[in-house]
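These notes are about the structure you will find just below.
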Amino acid sequence: MPYVSLIRDPWVEQNNVYPLHEVIVITLLAVIALAQGWEDIEG
């Protein structure tokens, strides 16, 4: 079963933990840029 470990798991990249200060800065900058919701911030 060594081939199974070669398969890329897309969920690994989505489960990152980001520092709180980065989240706050990105959110504040998005609000300044008139973001209307989390979908705007995400994009």
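Data overview
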item: Selected residue (only one of Glu22, Glu13 is charged (D, E, K, R), in a helix (DSSP H, G or I) and modelled with pLDDT under 85); result: Glu13
item: Residue within the range 22-33 that is under 14 Å from the mean Cα position of the chain (by Cα), surrounded by 10 or more Cβ atoms within 10 Å (Cβ to Cβ) and not aliphatic (A, V, I, L, M) present; result: yes
item: Contacts under 6 angstrom Cβ, first residue in the range 24-43 being closer than 21 Å to Gln14 by Cβ, partner modelled with pLDDT of 85 or more and surrounded by 10 or more Cβ atoms within 10 Å (Cβ to Cβ), 6 or more apart; result: Ile41/Ala30; Ile41/Ala35
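The values are calculated or read from the model by the stated rules, or taken from the named source; none is laboratory data. Note that the coordinates shown come from a computational prediction; the quantities given were computed from them, not determined experimentally. Every residue, glycine among them, receives a Cβ derived from its backbone with ideal geometry; neighbour counts consider all protein chains shown.
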